[in-house]
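Below you'll find the structure, written out as structure tokens, and then a few comments.
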Amino acid sequence: MSKKVLILSASPRKGGNSDVLCDTFLRGATEAGHSVEKIFLRDKNIHYCTGCGVCNRTHRCVQKDDMAKIYPAVKASDVVVLASPLYYWGFSGQLKLALDRLFALEEGEGNLLRGHGRASALLMAAEGNGFADALLYYDHLMEHLQWKNLGHVLAGGNWDVGDIQGKPELDQARALGASLG
């Protein structure tokens with residue numbers, strides 16, 4: 001059964017190591033017959049959540065930015081892939097901003113975020129291998145959102161652009177994309 005897959009790429013560089021993981025996952029998912037959309041967060045103007053609480057009453061975020069383009073993609077997806085480099089043991093700011101702003105879909109608009117049979121996967125690249133805190137956050141997020149955790153690919157030991165080439169994590173990313181069911 002074909003799935004609608006949304007990749008939120010938080011790489012600061014097109015062709016960076018975490019972005020290469022995205023593209024490899026995308027190839028696997030596309031080859032398996034899934035429809036895939038990739039949003040490169042670096043190219044989007046996303047403001048931080050102000051915690052104003054308006055979405056609790058109006059079921060919409062009051063901010064006018066590129067999240068207006070991301071909300072429909074998330075709502076339409078069966079699988080949301082989070083991709084980020086590891087920065088200070090967590091997700092990059094680009095991904096964290098988008099995740100914080102997704103709160104409007106959970107609190108408002110009839111809770112269009114939590115549950116709904118969605119699943120997720122995590123793709124990360126890093127200079128080192130200190131992924132434990134990011135994984136803990138991701139696991140808590142999946143539990144809270146009631147999304148099925150499809151797994152993760154963590155590519156450590158990559159610093160310069162292109163260092164991920166030839167690494168086994170690329171095969172893992174492609175296999176994860178192909179395994180969506």
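The values are calculated or read from the model by the stated rules, or taken from the named source; none is laboratory data. Remember, predicted model here, so these are calculated numbers, not experimental data. A quick note on method: Cβ atoms are made from the backbone with ideal geometry, for glycine too, and the neighbour counts reach across all protein chains shown. These accessible areas exclude ligands, DNA and RNA; they are computed on the full protein's heavy atoms, side chains included. Shrake-Rupley method; radii C 1.70, N 1.55, O 1.52, S 1.80 Å.
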- request: For the range 136-150, name all the residues that are surrounded by 14 or more Cβ atoms within 10 Å (Cβ to Cβ) and either free of Cβ contacts under 8 Å to residues at least 24 places away in the same chain or touching a helix residue (DSSP H, G or I) at 6+ places or on another chain (Cβ under 6 Å) (or both).
  value: Met142, Asn149
query: Yes or no: Ala132 out of contact with any helix residue (DSSP H, G or I) (no Cβ under 7 Å at 6 or more places or on another chain), closer than 23 Å to Ala173 by Cα and of a type in the set (Gly, Ala, Ser)?
result: yes
- line: Contact list, first residue from the range 1-30 and open to solvent by less than 20 Å² (accessible area, probe 1.4 Å), second anywhere and among the β-branched types (Val, Ile, Thr) and in a helix (DSSP H, G or I), beta-carbon distance below 7 Å, six or more apart or interchain, is Leu6/Val74
query: Is it fair to say Val74 is at pLDDT 90 or above, surrounded by 20 or more Cβ atoms within 10 Å (Cβ to Cβ) and under 22 Å from Ser179 (Cβ atoms)?
result: no
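Do we find that Leu180 is surrounded by 16 or more Cβ atoms within 10 Å (Cβ to Cβ) and assigned to a loop (DSSP other than H, G, I, E, B) in this structure? Lay out the reasoning, then the answer.
Values: surrounded by 16 or more Cβ atoms within 10 Å (Cβ to Cβ): yes; assigned to a loop (DSSP other than H, G, I, E, B): yes.
Yes: the conditions hold for Leu180.
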- prompt: Does Ala132 count as of a type in the set (Gly, Ala, Ser) and surrounded by 14 or more Cβ atoms within 10 Å (Cβ to Cβ)?
  reply: no
- request: Kindly list, by first and then second residue, each pair from a residue in the range 82-96 that is farther than 12 Å from Glu127 by Cβ and of a type in the set (D, E, K, R) to a residue that is open to solvent by less than 20 Å² (accessible area, probe 1.4 Å) and not in a helix (DSSP H, G or I), limited to pairs with Cβ atoms under 7 Å and residues at least 6 apart or on different chains.
  value: none
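In this structure, does His116 turn out to be surrounded by 12 or more Cβ atoms within 10 Å (Cβ to Cβ), closer than 26 Å to Ala29 by Cα and free of Cβ contacts under 8 Å to residues at least 24 places away in the same chain? Before you say what the answer is, go through the steps one by one.
Working: surrounded by 12 or more Cβ atoms within 10 Å (Cβ to Cβ): yes; closer than 26 Å to Ala29 by Cα: yes; free of Cβ contacts under 8 Å to residues at least 24 places away in the same chain: yes.
Answer is yes for this residue.
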- line: Checked the range 139-157 for anything more than 13 Å from the chain's Cα centre (by Cα) and within 20 Å of Ala175 (Cα to Cα); matches are Lys148, Leu154, Ala155, Gly156
